[in-house]
Each structure stands twice: as structure tokens, then as C-alpha cells.
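Asker: The structure's right below; bear with me while I get my questions together.
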Amino acid sequence: RRAPSCPPRRSRRHLVLVGVAAMSGSFLQRRRASSPGDGKDLCGIQGPSLNITTPTRSRARPQLGRNDGPLDAYCGLLSDAVAAMGPALEAEARRQFDTVDVDKNGSVSKLELIDAVYRDAGVSSFVLQGIVETAGDALSDEQRFDVVDAIFDSMSGGRTRICFADFLVYFQRVLTDHASNSQEIRQIYRLLDTDGNGAISKLELLSAAQRSSRVAAFLVPGLDCRQIMRDEDAFDAVSSLFEGIACGKRRIEYVDFEKFYRRTLGPALHVGPRYEPAVRVGKRVLVISLGFAADSNVRQAHAMQSAGFELHWARDLADPAFTHVKHTDHAGRLRRAIADAQPDVVVAASGGGSHLVDLWKLGLWRGPSVMINAHPSLRSLPKDTTIVLAHGANDETFKRTRRELEQVMSTGSPNRCFLYYTGNSGEISPGAHTRLGDRHQMHSLTLHDCLPRLIDAAVAGETREVGVENGGPEMHFMRSWRGRLSNERLEAEHWLGYTTERLRSRWVSPGRRGNDVRHLFEVPRGSEEFTNVEAVFRATPSEPSDYELGPPSVWARSRVLRIERVENGPQEAGSFRPYAEALRRAFSVQGLRFEPGVHTCWAWHGTCAGEAVMESIVSDPVAGFQPLTTGMRNTPLWGPGAYFARDAQYVSEGQFCGPAAADGTRQMLLCLLAVGLPCLGDPEHRGVLPFRRQPHRYHSSVDSLSSPEIFALQHPGAAYPAYVVTFY
């Protein structure tokens, strides 16, 4: 993907440090860090808008182990910048934001940000200094496009436009994270460079890992290095790490060390998006009042009102099904209602759906639309219109099948339509289901903030710029699933990351390749890794589960005895990663963007068959899960597949971990899933999921499109078992 008028690729090599963009202007003064004219900076800072001061690096190695060395000076400047970043950063961010906001309407789209980065060197320097360069070269045009694309997503939290507050908060967070990480990297480097000569040999690295538990925990978490000269696993791990940092050299300098760990630790941008709810204040919703008289629909109206939308009502519209009034007789009233309200979206329910169909047919409305209950008159959708359709399998008034509705949705424009459908699970006993689809009043819309989120999705799916695709209402609604998780879990997942590349950065097997016979490595209790995995284990959702689980206070008494990291290189590199890349390509073909943290997620899996099956999952070199030979205790409630639960409590209390061991402990797996684009599961699915839009099918299935708690995966490469958690 390329933006128009892309400048040629720069050839200057540099190392970009995270968040230094915020330290522009009056923060620091820039000086060259290497020999004159070579274009290199010690801190790798580029761009005319940045004035960064760093001590000049002579040909002799700097004394980085001493308080007056360049490392101290640089980190001191970082601390000063963080302390002073309030007013100065805000002023600089405001100046750059105003440059991007060319139409001066107070908000910026993704296309405006991309265009500004290409046309304005100051904006480019400010925005792009927060990105890690892994290749050491200046960003190519395509890399720059992708980087800005991802930065905007991190700022917007799924919205199509950002305001100045979003812009400022992003760079405040980036600078703070960078300063914190830089301080830790500096402190570790000091412990390594004991003679203070500014360079580290392999022997020094090995000795420091043996001597300091803090160094060992930073370099190779989970390995005991106290006997490193006698422990082949620890020796090989640290030696391989040295080779990875040194890149063929016999000594490591600080710039090598910092570059390696900046890439490994990564900025917040690379570990998954932070969830931010949509802004609803000021959004105008025109509601066709017909269909909102029933008790449940009154609750739906209350949900829209309490969500913060500005509601306008189109009243005095009769139901043509029960009167002799022609549909066109109401056209004038509807036209006036639209002219008066100037709505962002039109919402209709039940009999009011016929009037929404008329608006489309008469060409009176082509904006975002939400129809609750698929009206019998709806046979096709207008083109180039964003439409969300909500319907339940047990609708006793408008009896329409899922297949029929999927056919209707296929007549709309690609990525502009979304079918929110609720269906029945398979039977757990004759006549008993774990979930039931909605009746006509669609009670599910009043739970989990569902109806307001559908309206958000319709509005967000409408804003599209040339060359930019936000994925439409379906993608936006899927992003909102993260809002069903607690803040504590979101923060823990954010630290863990949503890619196996992030997982590998914590591996301790030789070369972090995971090719050994041994696949389980215990995570040290008290480490950040242990704390965050445990946080995901203990987490309860921000809203009550739709299943009958015990009270959170009882679940809180569970104790994690041990956490083991799974390092299975062949399974990760040969199964999960190729499948994730195939998903990326499938998304691209459909004009969509694959988003880790949205299209990958963390979930739990238990096995009732004991340690043998658990061992086969973590050690299988091809794929640990065999979806089409498994299910939910042989009862495919949502169709065939390997089943995973959002919450560990569900796995535990559902007895999916099998009987306890002799010591009373049980085990479950925390897995990284590549769910792609899921559809609602169906017990009638036979291993082949429905078409999203021919020839593209959905990639997985869930138990609910509003707040999924169960994921069913049909591909063996769609899940990677990342951690084994032993608890009681």
C-alpha cells in the first residue's frame, strides 16, 4: 500500500529510539554523535523538527560504566525530558496536530495523518521517532505507511477520527514507556560492564549472569544461572543471546545492547492495542418510533439514551402491515425527520423496519442504518450503505432462517454490512441448551452494552477514506469485545503481547529456538511474566458471565502453584505462524487489516484426559490441537472444533481440567489463538464454516457475537499453547 506522492527512500542508516519524538524543540539540543558528515547519531535521532543533544562519540570507547559517560548523559536527558514534558510536549504536540488538521475541524482521519507524514518533514519526525527500526535503515515508503497506519490505530482505539487529546495522550505514553525501559536497560548494562570500558565480552556476559540474579532474570528469564559453567542449558542460552546481540562481533557496545532490547521489549504499539470505548456524546440517532412500544424495546430505547447518544424520534408512523396507508404516504414525514435531525445513524425495530426499507428504496437515506428484526419486506440491501441487521433464531414474529439472512447480507457492499445473529447452542441433554437465540424482542441487545455498540459499529463503519479501510461495522464490533474484559486483564494481556514473536522474546531455550527435547521452562514466581499470566488466570469479566459460574470471591481463593512456559519452536514456526500469515493474506485480499489483539486473543484450554494429553499438546512438533477430532466432550455445542474459554474460571468450574492429581493440583493451558474473523457457531456446522462473502469463509466460531466466552477453532494451526498453569 502506498500513499500518493511518496518521497524516495532515504539511505541514511539510523537507530530510532522509542518516544524520543516527544522530546523535540526546547527539550534538548541535537549534536552529531559520530565522525562529521556520516549522518549517524548516537541516539539515532533524525528530522528537522528535533533538536537532540548527545555527547560526541570519539573513536575510543566511551566509559559507559561511569557517572560521567555518554550513557548517563543520555539517560539523564531522558529523565529531564520526562519531568519537563508537560507544557512543552503539549505545545509541540498542538503545533504538529494543527499541521495535520488541514481543514481545521478539530479532528484528524487516518488519511490526513498519513498525508501529513509524507508531505511535512516536521510531522514525519515527530510521529515516526516512536518506532523501532529493526533493519537499521530508514523506513521505506511501504514501511512508513504501515507504521503510521498502526500508530493511528493505537491512538484511535478503533475510531475513525482522533482529536487532539488522543494525539497528546499517545505521545505522553510513548515517552514515559521509553524513559522507563531505557533506565532499566542502562542499569543492566552497568552490571554487565564491570570494568567500565564500554564494551562487553561473552565471558563478561556469562559471568554477570552467574553473579547477578537480576541480570539473569533480565537476560534469560526462567533459567537458573548460578552454575552456568556447569549447566549446558544456561550456558547455551546466554551464549546464543550474546551472538544475537553482537551480530558477529567479539564485543558488545551499549548501542548494540540497547538496539537489541529496544527491538525485543518493543513499544506499546507492538504488543497490541489498548481498548478505548467509542465516543458517543454528540452522535445523533434518528429512531423510528414504531416498534419501540413493547416493554423490551423500551429497555432498548433506554439503553441508547443512557449510552449518551442524542436521540431524535420519527413519530406518528403507522405499521403498513395493519393499515391501508401506503408506504410512500410516510415519505414526507421521514424526509422532514431526517432534515431536522441530521442524524449520524437511523435505527428501526420490528414493524418500523418497513419504513427503513422504504427510505432505502426511495433514496431518502444512504447513511448508517441499524435494523432490529429482519422485516419480511427486506430482500436485498442498498449498495454503498453501512447496515447492521440484528435478528434472533427464535423470532416468533418474523420467522427467517440464518441462511436466508446471510443471503440478504451478501447483496450489500463488501465490508459495509454486519449480521448480528443469536442462535441456539446444541443440546446438552434433550431439550436443554447452554444458550438460546433471541425472540422478537431481542433481549440480548440490552446486555453487555450490545445495542449501543452496534450503533457505534454502524457509525464507525461509515467513515472511509480513499485508500483506507477500517473494516466496516463487523470489524468495529469485534474490536469492542475487548471492552468486556476487566482493565486488569487488558493490562496483563497488553504486557504479554498478542503475537508469538512477542512470546519468543521471553524464551530461554538455546538461541530462543525451542528446538530442544525439553519444552517446558518454569517461570520465576514474582517475575513480571508470572504476575501477568496469573492476572489473566484470576481475571473475571467486567460484566457477569452468561454461564452459571461461582461467585468471584470463591474463584479468588484459587492458588497458582506453578507456571511453565511452552517453548516449542517447530510448532510455533511450522504451524501457528504460517497460519497467522495466511490469515493476514486473506484479510488483505478482502480489503481488511489483520490486527493482533483483535484477531488474535488469549484463551484457556483444559483436558480431561490427564497429563499424557497435556504433554502431547505442548510437545507435538506439528500441531498440539486436532480440532476436527475433538469438541466439547464430544457434544458439539457450537459445531466441531477445538474449544477454548475466555475465562479460566469457566474451564475450572466446568471440570474441563479433569480430576485433580494426588496432591490436589490441576492444570490448564493459556493459549494464543488466531481467531481471524469468527462467526456465530452452530451445531449444524460440519467442519466447514459459512461464507463471509464468497469465496471467503469465516475462520472460527464463537458462542456469542456480543460477548464471546467460547471459541471453537477448526484449524490445527490456529492455537499455540503458550503456558501451562498448575493450580489448586
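Asker: Is it true that E488 is at pLDDT below 95, acidic (D, E) and within 27 Å of V536 (Cα to Cα)?
Answerer: Taking the combined requirement at face value, the residue satisfies it.
Asker: Counting just the residues of the stretch 320-340 that are within 15 Å of L290 (Cα to Cα) and open to solvent by less than 30 Å² (accessible area, probe 1.4 Å), which one comes out modelled with the lowest pLDDT?
Answerer: Here the answer is P320.
Asker: Give the number of residues within the stretch 118-142 that are modelled with pLDDT of 65 or more and open to solvent by 40 Å² or more (accessible area, probe 1.4 Å).
Answerer: Of the residues in that region, 4 qualify.
Asker: Also, I was wondering about something else. Select the strands (runs of 3 or more DSSP E) contained entirely in the stretch 647-695, then report the ones holding at least 2 residues which are modelled with pLDDT of 95 or more and farther than 21 Å from V598 by Cβ.
Answerer: Per the criteria, 666-674.
Asker: Taking the stretch 221-260 on its own, how many of its residues are more than 19 Å from R512 (Cα to Cα), part of a helix (DSSP H, G or I) and in contact with a strand residue (DSSP E or B) (Cβ under 7 Å, 6 or more places away or on another chain)?
Answerer: So the answer is 0.
Asker: Hey, among the residues in the stretch 240-271 that are at pLDDT below 50 and touching an Asp or Glu at 6+ places or on another chain (Cβ under 7 Å), which one's farthest from L203 (Cα to Cα)?
Answerer: Out of the qualifying residues, it is A268.
Asker: Taking P430 as the residue in question, decide whether it is at pLDDT below 95, within 30 Å of the chain's Cα centre (by Cα) and either of a type in the set (A, V, I, L, M, F, W, C) or open to solvent by 50 Å² or more (accessible area, probe 1.4 Å) (or both). Even if it seems obvious, please write down each step before you answer.
Answerer: Working: at pLDDT below 95: yes; within 30 Å of the chain's Cα centre (by Cα): no; either of a type in the set (A, V, I, L, M, F, W, C) or open to solvent by 50 Å² or more (accessible area, probe 1.4 Å) (or both): yes.
Answer is no for this residue.
Asker: Please identify the pairs in which a residue from the stretch 686-713 that is farther than 14 Å from S545 by Cα has its Cβ atom under 7 Å from the Cβ atom of a residue that is of a type in the set (D, E, K, R), counting only partners at least 6 apart or on another chain.
Answerer: As it stands, the answer is L689/R697; P690/E406; P690/R697; F691/R697; Y698/R692, since those pairs meet every condition given.
For every residue, the table says whether it meets (1) crowded, with 20+ Cβ neighbours inside 10 Å; (2) modelled with pLDDT under 95; (3) more than 27 Å from the chain's Cα centre (by Cα).
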position: L381; (1), (2), (3): yes, no, yes
position: D384; (1), (2), (3): no, yes, yes
position: S413; (1), (2), (3): no, yes, no
position: G426; (1), (2), (3): no, yes, yes
position: T434; (1), (2), (3): no, yes, yes
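Asker: Can you give me the number of residues within the stretch 608-646 that are open to solvent by 60 Å² or more (accessible area, probe 1.4 Å), touching a Pro at 6+ places or on another chain (Cβ under 9 Å) and at pLDDT below 80?
Answerer: Of the residues in the stretch 608-646, 5 are open to solvent by 60 Å² or more (accessible area, probe 1.4 Å), touching a Pro at 6+ places or on another chain (Cβ under 9 Å) and at pLDDT below 80.
Asker: On to the next question. Answer yes or no: is there a residue in the stretch 481-490 that is open to solvent by less than 50 Å² (accessible area, probe 1.4 Å) and without any contact (Cβ under 8 Å) to a residue 40 or more places away in the chain.
Answerer: Quick first cut of the stretch 481-490, residues open to solvent by less than 50 Å² (accessible area, probe 1.4 Å) only: 481-486, 489-490.
Adding the requirement that they be without any contact (Cβ under 8 Å) to a residue 40 or more places away in the chain leaves none.
Checking the stretch 481-490: not a single residue is open to solvent by less than 50 Å² (accessible area, probe 1.4 Å) and without any contact (Cβ under 8 Å) to a residue 40 or more places away in the chain.
Yes/no per residue for (1) of a type in the set (A, V, I, L, M, F, W, C); (2) open to solvent by 50 Å² or more (accessible area, probe 1.4 Å); (3) at pLDDT 85 or above; (4) closer than 16 Å to A246 by Cα:
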residue: I162; (1), (2), (3), (4): yes, no, yes, no
residue: V169; (1), (2), (3), (4): yes, yes, no, no
residue: N181; (1), (2), (3), (4): no, no, no, no
residue: Q187; (1), (2), (3), (4): no, yes, no, no
residue: T194; (1), (2), (3), (4): no, yes, no, no
residue: G198; (1), (2), (3), (4): no, no, yes, yes
residue: K202; (1), (2), (3), (4): no, yes, yes, yes
residue: L206; (1), (2), (3), (4): yes, no, yes, yes
residue: R211; (1), (2), (3), (4): no, yes, yes, no
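Asker: Report yes if F587 is over 19 Å from P721 (Cβ atoms) and touching a Lys or Arg at 6+ places or on another chain (Cβ under 6 Å), otherwise no.
Answerer: Answer is no for this residue.
Asker: Hey, another quick one. Taking S154 as meeting all but one of (1) more than 30 Å from A217 (Cβ to Cβ); (2) modelled with pLDDT under 80, write down the number of the exception.
Answerer: The single condition S154 does not satisfy is (1).
Asker: Among R402, R453, which is charged (D, E, K, R) and open to solvent by less than 20 Å² (accessible area, probe 1.4 Å)?
Answerer: Only one candidate passes the filter, namely R453.
Asker: Got at least one residue in the stretch 688-701 being open to solvent by 20 Å² or more (accessible area, probe 1.4 Å), in contact with a Pro (Cβ under 9 Å, 6 or more places away or on another chain) and more than 22 Å from R479 (Cα to Cα)?
Answerer: Looking through the stretch 688-701, none of the residues is open to solvent by 20 Å² or more (accessible area, probe 1.4 Å), in contact with a Pro (Cβ under 9 Å, 6 or more places away or on another chain) and more than 22 Å from R479 (Cα to Cα).
Asker: Being touching a strand residue (DSSP E or B) at 6+ places or on another chain (Cβ under 6 Å) and of a type in the set (S, T, Y) narrows it down to one residue among S575, S545, S558; which is it?
Answerer: Of S575, S545, S558, the one residue that is touching a strand residue (DSSP E or B) at 6+ places or on another chain (Cβ under 6 Å) and of a type in the set (S, T, Y) is S558.
Asker: Further question on the same structure: For the stretch 229-239, which residues satisfy the criterion of being within 10 Å of L206 (Cβ to Cβ) and either aromatic (F, W, Y) or open to solvent by 10 Å² or more (accessible area, probe 1.4 Å) (or both)?
Answerer: M229, F235, S239 - these are the residues of the stretch 229-239 that are within 10 Å of L206 (Cβ to Cβ) and either aromatic (F, W, Y) or open to solvent by 10 Å² or more (accessible area, probe 1.4 Å) (or both).
Asker: Can you find a residue in the stretch 539-553 that is open to solvent by less than 50 Å² (accessible area, probe 1.4 Å), closer than 24 Å to T665 by Cβ and in contact with a Lys or Arg (Cβ under 8 Å, 6 or more places away or on another chain)?
Answerer: yes
Asker: Taking only the stretch 335-350 into account, find how many residues are without any contact (Cβ under 8 Å) to a residue 40 or more places away in the chain and among the small types (G, A, S).
Answerer: Final tally of qualifying residues: 1.
Asker: Applying the selection to the stretch 512-528, what residues are out of contact with any helix residue (DSSP H, G or I) (no Cβ under 8 Å at 6 or more places or on another chain), under 25 Å from S486 (Cα atoms) and open to solvent by less than 60 Å² (accessible area, probe 1.4 Å)?
Answerer: Within the stretch 512-528, no residue meets the criteria.
Asker: Go through G526, G511 for me and flag whichever is among the small types (G, A, S) and in a helix (DSSP H, G or I).
Answerer: Only one candidate qualifies: G511.
The values are calculated or read from the model by the stated rules, or taken from the named source; none is laboratory data. All values derive from a computational prediction rather than experimental measurement. Note that we place each Cβ from the backbone using ideal geometry, even for glycine, and neighbour counts take in every protein chain shown. What goes into the accessible areas is simple: the full protein's heavy atoms, side chains included, and nothing from ligands, DNA or RNA. Shrake-Rupley method; radii C 1.70, N 1.55, O 1.52, S 1.80 Å.
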